[in-house]
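**Q** Quick one: the structure is below, questions incoming.
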Amino acid sequence: PVWRAIYDQYKPESMDDAIPSTPEGRIVALADKLDTLQGCFRVGLIPSGSKDPFALRRAAQGVVKILVEGGLALPVDKLLGGDAQLSEFFLDRVRYYFREIRGYKYDEVNAVLAAGCGDLTDVDSRLAAIAQVRTTADFEPLAASFKRIKNILRQAEFEGGGEVDAALLEAGPEAELYAAFAKLRRRVNGLRRKKDYRPALEAIASIRPQVDAFFDKVLVNAPDPVVRRNRLTMLHKLLSEFSAIADFSEIVTTQ
């Protein structure tokens, strides 16, 4: 194990190269690459443009490849030592890997990373689930609705807080949306905790009819400020609860 780990220390040398073949080799390779990255960024030797004399992009890409393909669920923020510049640099390499090497669409990558990227094996699982359910009938229309919700909240400068008052909900589409949301949230959260991402996303997409009916029949910006805030609160909770796997508003749709 010792000689094999030393032999594999510099793997992968490119995105086409294999990762180290043993757990020991993967840890040694990670340690070497992360030490180089942290050390160079600490003293200001940061790549700019096409200049990268210390091959830091290759080192970062190697870290991404080892973590994902080696199935290492390690916390990225701790590996990078909390360096903000290094974290942004590393995130670019993550995007590159999942788009160019794994072939996911750029908006799928953006959506998943926007929901968190602390564990790249988890990012990989969420991306696979998004790609699988994207072609279903409800997914992109729901993504368009989530984009609409995000825009409404931004325009209202509403940042959340408080709870939905069920007594203020208007009978019909508004109350039906809240009932569907309340029913689904426990199921979705349970599936998410088990990392059953595909059924969780399919469950989220199933709320599309209630979301569509709400926007067709209900005025979010109601004249009564109490009712308006209650509706904004419901939309905020819907968006935040169901964006933990991926930020649907990042998905590019034809609607």
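The values are calculated or read from the model by the stated rules, or taken from the named source; none is laboratory data. Keep in mind that this is a model prediction, so the values were computed, not measured. Don't worry about glycine lacking a Cβ; one is built from the backbone with ideal geometry, like all the others, and counts go over all protein chains shown. Areas reflect the complete protein model, heavy atoms only, side chains present, ligands, DNA and RNA absent. Shrake-Rupley method; radii C 1.70, N 1.55, O 1.52, S 1.80 Å.
**Q** If you fit an axis through the alpha-carbon atoms of helix 139-155 and take the longest principal axis of the Cα set of the chain, what angle between them do you get, 0 to 90°, nearest 10?
**A** 80
**Q** If you don't mind, there's one more thing I want to ask. Measuring from centroid to centroid over Cα atoms, what is the spacing of the stretch 183-215 and the stretch 95-141 in Å?
**A** When both Cα centres are located, 17 Å separates them.
**Q** Pop a pseudo-label 7 angstrom from the Cα along the beta-carbon direction at both Tyr7 and Gln85 and give the gap in nm to one decimal.
**A** 3.9
**Q** Rolling a 1.4 angstrom probe over the protein chains, ignoring ligands and nucleic acids, what is the accessible area of Asp165 in square angstrom, nearest 10?
**A** Asp165 has an accessible surface of roughly 70 Å² with all protein chains in place.
**Q** Hey, quick one: spin label on Ala222, modelled 7 Å out along Cα-Cβ, who in the stretch 150-188 has an amide N within reach, i.e. under 12 Å?
**A** 165-175
**Q** Among Pro53, Pro75, Pro209, which one shows the biggest mean-square fluctuation in a GNM of the chain, springs joining Cα atoms closer than 10 Å?
**A** Pro53
**Q** Right, here's the next one. Would you calculate, for the chain, the mean residue ellipticity at 222 nm contributed by helices, counting each DSSP H stretch of 4 or more residues as -39,500 (n - 2.57) and dividing by all residues, to the nearest 500?
**A** Numbers: 12 runs with 154 residues, N = 255.
Result for the chain, helices only: -19000 deg cm²/dmol.
**Q** Anyone know which of Ser14, Ser240, Ser50 comes out most mobile in the 10 Å Cα GNM of the chain?
**A** Judging by the Gaussian network model, the answer is Ser50.
**Q** Give, in nm to one decimal, the length gained when the segment between Ser21 and Ala171 is fully stretched (0.36 nm per residue of separation minus the Cα-Cα distance). Walk me through the intermediate numbers first.
**A** Details: separation 150, 0.36 × 150 = 54.00 nm, distance 6.08 nm.
Taking 0.36 nm per residue and subtracting the Cα distance, the gain is 47.9 nm.
**Q** Would you mind calculating the relative contact order of the stretch 147-255 from Cα pairs under 8 angstrom and at least 6 residues apart, reporting the percent as a whole number?
**A** Numbers: 76 pairs, mean separation 48.7, N = 109.
Relative contact order for the stretch 147-255 comes out at 45 percent.
**Q** Right, here's the next one. Which loop-located chymotrypsin sites (Phe, Trp or Tyr not before Pro) does the stretch 10-74 contain, where loop means any DSSP state but H, G, I, E or B and the Cβ has at most 16 other Cβ atoms within 10 Å? Please list the in-between numbers first.
**A** Values: sites: Tyr10, Phe41, Phe54; in loops: Tyr10, Phe54.
Qualifying residues, ordered by number: Tyr10, Phe54.
**Q** Skip the ligands, DNA and RNA, and give the accessible area per residue of the stretch 80-150 with a 1.4 Å probe, whole Å².
**A** Values: 2860 Å² over 71 residues.
For the stretch 80-150, the per-residue accessible area is 40 Å².
**Q** Do you know the relative contact order of the stretch 9-85, to the nearest whole percent, from alpha carbon pairs under 8 angstrom that are 6+ apart?
**A** 36 percent.
**Q** Let me know the Rg and Dmax you get for the stretch 190-255 when you use only its Cα atoms, in Å.
**A** 14.1, 42
**Q** Please calculate the 1.4 Å probe accessible area of Ile6, with all protein chains present, and give it to the nearest 10 Å².
**A** Ignoring ligands and nucleic acids, Ile6 comes out at about 110 Å².
**Q** Return a whole-number percent for the relative contact order of the chain, with Cα pairs under 8 Å and 6 or more residues apart as the contact set. Write down the numbers at each step before the final one.
**A** Numbers: 291 pairs, mean separation 51.4, N = 255.
Once normalised by length, the contact order is 20 percent.
**Q** Another question, if that's okay. Determine how many Å³ per residue the convex hull of the Cα atoms of the stretch 20-75 encloses. Don't jump to the answer; show the numbers that get you there.
**A** Working: hull volume 4.8 nm³, N = 56.
Per-residue hull volume (Cα only) is 85 Å³.
**Q** Something else now. About the Cα centre of the chain, how large is the charge dipole given +1 on each Lys and Arg Cβ and -1 on each Asp and Glu Cβ? Please answer in debye to the nearest 20. Don't skip to the answer; put the middle values down first.
**A** Details: 36 positive and 36 negative charges, 45 e Å.
So the magnitude is around 220 debye.
**Q** A further question follows. Please report, in debye to the nearest 20, how large the charge dipole of the stretch 28-126 is about its Cα centre when each Lys and Arg carries +1 at its beta carbon and each Asp and Glu carries -1 there. The partial results should precede the final answer.
**A** Details: 13 positive and 14 negative charges, 51 e Å.
Value, rounded to 20: 240 debye.
**Q** Just checking my list (1) 17.9, 51; (2) 21.9, 73; (3) 25.7, 70 against Rg and Dmax of the Cα atoms in Å computed from this structure; which label fits?
**A** Among (1) 17.9, 51; (2) 21.9, 73; (3) 25.7, 70, the one derived from this structure is (2).
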